[in-house]
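The values are calculated or read from the model by the stated rules, or taken from the named source; none is laboratory data. Since the model is a prediction, treat every value here as computed from it, not as a measurement. Here the Cβ positions follow ideal geometry from the backbone for every residue, glycine too, while neighbour counts run over all protein chains shown. We work out accessible area using only protein heavy atoms, side chains counted, and drop any ligands, DNA or RNA first. Shrake-Rupley method; radii C 1.70, N 1.55, O 1.52, S 1.80 Å.
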Amino acid sequence: QLDANYQYNTQGAGFLNWTLARYALQGQTPVLRRFLPELPAKLDLAQGNLTHNASLRFSANRWSLQANTELTSGVVNYGEIYAQNVDWKSQFSLDSTGQFQDQGNLLLEYANIGLPITSSGIRYQYRGNTSNTNTHQLRLESQKLFLLGGEIYLPAIQVNPLNPNSIFLVSIRDIQLSSILELYAQQGLYGEGTIDGQLPIQITPLGISITRGNLGSVIPGVIRYTPSHGVGAAASSNIGLRLALDALTDLRYTLLDLEVNYQPSGDAHLIARLQGNNPNWQQGRPIDLTLSVEENILDLLTALQISNRITDSLDRRFRR
Amino acid sequence: CTPTVQVAAPTDPITINLNVKIQHEILVKVDREIDALLEQNSDLF
Amino acid sequence: LSLEQAKSQGLVGEQLNGYLGAVGNSPSAEVRNLVNSINQQRNELYKQRARESSVTLDVFEARAGERLRERANSGEFIQDSNGQWRRK
């Protein structure tokens, strides 16, 4: 429940404090939307405990607001993206000159954007003046994201989210080739190896793009692909495909070099260069294989999100 | 001694180039079909 | 009785499987006819569109059900993940 107290004197100065004790979020998003109309439509705060307290000081011609908000063990859906054990702590201030600042920490113990991701905690600070969007500035402390068996290290960045223009280097460590290939759920496709490297991330008002990011591995690995009937048939007419499929039946690589290019539209162009051999093909003669792969990563994530949800609802229907 | 000729496997690498275009069509196509359904048959949905 | 009226009066709701369901255990004849007629037409469309997107019918139905429940207006009935009717 919400309790408040206020006081003001004859000169019109005073204060108003209010406190919201533990407020259970069970299916209360429509209620919250009335208080916070700017909550994005796709956002659903399914579960969690919210505590909030604030004080508004005012005098004849100015006022200032301080508010502390905390969400614990939240379950949040944003469209097809799902996050669990979300802890969010925010200190917010706003005054009559329009100067605002929100500072806090967001911890996502488990998020699923089609593949599971964990974050080490996002410490942020967002400030500026409501009257001038050029003054808006979001600062994110460095943090780690854990996915695909490895981790991504994000440096501290400072950007105006309303007009972003920033380039920063993200470093990738120990990403497992097996986890990547599993995303494609292709029968007969198996791989083992780790991938490290750095990606230059550019953020512009159009979105995120990567140009000639360089990932790779000097630790030997293996790729085995025994194609389904369809692919094998296609290979009979295409010598390049035939050779690649023969090599990939058991490709033991000693060097993997991966160039990553990505556009805001989600279109990615990946150039993988593998050097190694296949012990039971051409007497193990050395192989230098270059795979140029084009795909849309956003479509991949959408497909993963949909198939995760469909398998859930199909499982439930058949279990009943 | 008699020289023996041994056919060693050629050591120069076989270079292979392959272009692959991955279409994540199926489930994305399902969503597009549903979008179209909802638009064209608003009386049913 | 139009579909929209039936939905806003809480007589029918979107089910998990992409079809319409009567809410409550003694729907009027009118509601039953509306539900059957709409579901029959939806089934025709789902079969055709599932073939075109080369997925099985139940995958198409499951995804349609999900989209329809997401799209339902607040206050309308939808089936939750364990099959119970609840107001959105």
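Springs join every pair of Cα atoms under 10 Å in this Gaussian network model of chain C, and among C:Ala29, C:Ala64, C:Ala50 the largest mean-square fluctuation is at C:Ala29. Summarising the strand pairing of the protein assembly as shown, around 95 percent of its internal DSSP beta bridges are antiparallel.
Think of a 1.4 Å ball rolled over the protein heavy atoms: chain C then has 50 Å² of accessible area per residue.
Count the net charge of all other residues whose Cβ sits under 10 Å from the Cβ of A:Arg173, scoring Lys and Arg as +1 and Asp and Glu as -1.
Values: positive: A:Lys144; negative: A:Glu151, A:Asp174, A:Asp196.
Summing Lys and Arg as +1 and Asp and Glu as -1 gives -2.
Can you give me the angle between helix A:297-319 and the longest principal axis of chain A, using Cα atoms only, in degrees from 0 to 90, rounded to the nearest 10? For helix A:297-319, the angle is close to 90 degrees.
Taken per residue, the accessible surface of chain B reaches 72 Å², heavy atoms only and a 1.4 Å probe. List the residues of region C:35-52 for which accessible area in the full set of protein chains is at least 10 Å² lower than for the chain on its own; 1.4 Å probe, protein heavy atoms only. Those residues are C:Ile38, C:Gln41, C:Arg42, C:Leu45, C:Tyr46, C:Arg49, C:Glu52. Bridgeable aspartates and glutamates around A:Lys89 (alpha carbons under 14 Å apart, same-chain partners fewer than 8 residues away excluded): A:Glu70, A:Asp102. For B:Lys21, a cut-off of 20 angstrom between C-alpha atoms picks up these lysines, skipping any fewer than 8 places away in its own chain: B:Lys29. Placing +1 on each Lys and Arg Cβ and -1 on each Asp and Glu Cβ, with no other charges, gives the protein assembly as shown a dipole about its Cα centre of roughly 800 debye. Each other residue within a Cβ distance under 14 Å of A:Ser217 adds +1 if Lys or Arg and -1 if Asp or Glu, for a net charge of -2.
Listed by chain and number, the lysines placed with their C-alpha closer than 23 angstrom to that of C:Lys88 are A:Lys42, C:Lys7; residues fewer than eight positions away on the same chain are left out.
For the chain pair C and B, buried accessible area totals roughly 1600 Å², probe 1.4 Å, rounded to the nearest 100. Residue by residue along C:15-25, Cβ atoms of other protein chains within 10 Å of the local Cβ number 1 on average. In the context of the full set of protein chains, region A:161-251 has a per residue accessible area of 53 Å² (1.4 Å probe).
Mean-square fluctuations from a GNM of chain A, with a 10 angstrom spring cutoff on Cα atoms, peak among A:Asn49, A:Asn132, A:Asn296 at A:Asn132.
Reducing region A:244-283 and region C:17-62 to their Cα centroids gives an inter-centroid distance of 46 Å. Taking the 1.4 Å solvent-accessible surface of region C:1-58 as the whole, the part contributed by carbon and sulfur is 46%. When the accessible area of chain A is split by element with a 1.4 Å probe, what percent falls to carbon and sulfur? Roughly 55 percent, rounded to a whole number. Accessible surface buried by the B/A pair amounts to about 2100 Å², both sides summed, 1.4 Å probe. Per residue of peptide A:283-296, the mean number of Cβ atoms on other chains within 10 Å of the residue Cβ is 5.
Here the contact order of region A:172-320, divided by its residue count and restricted to Cα pairs under 8 Å and six or more residues apart, works out to 17 percent. Take each residue in C:71-81, count the other chain C-beta atoms within 10 Å of its C-beta, and the mean is 1.
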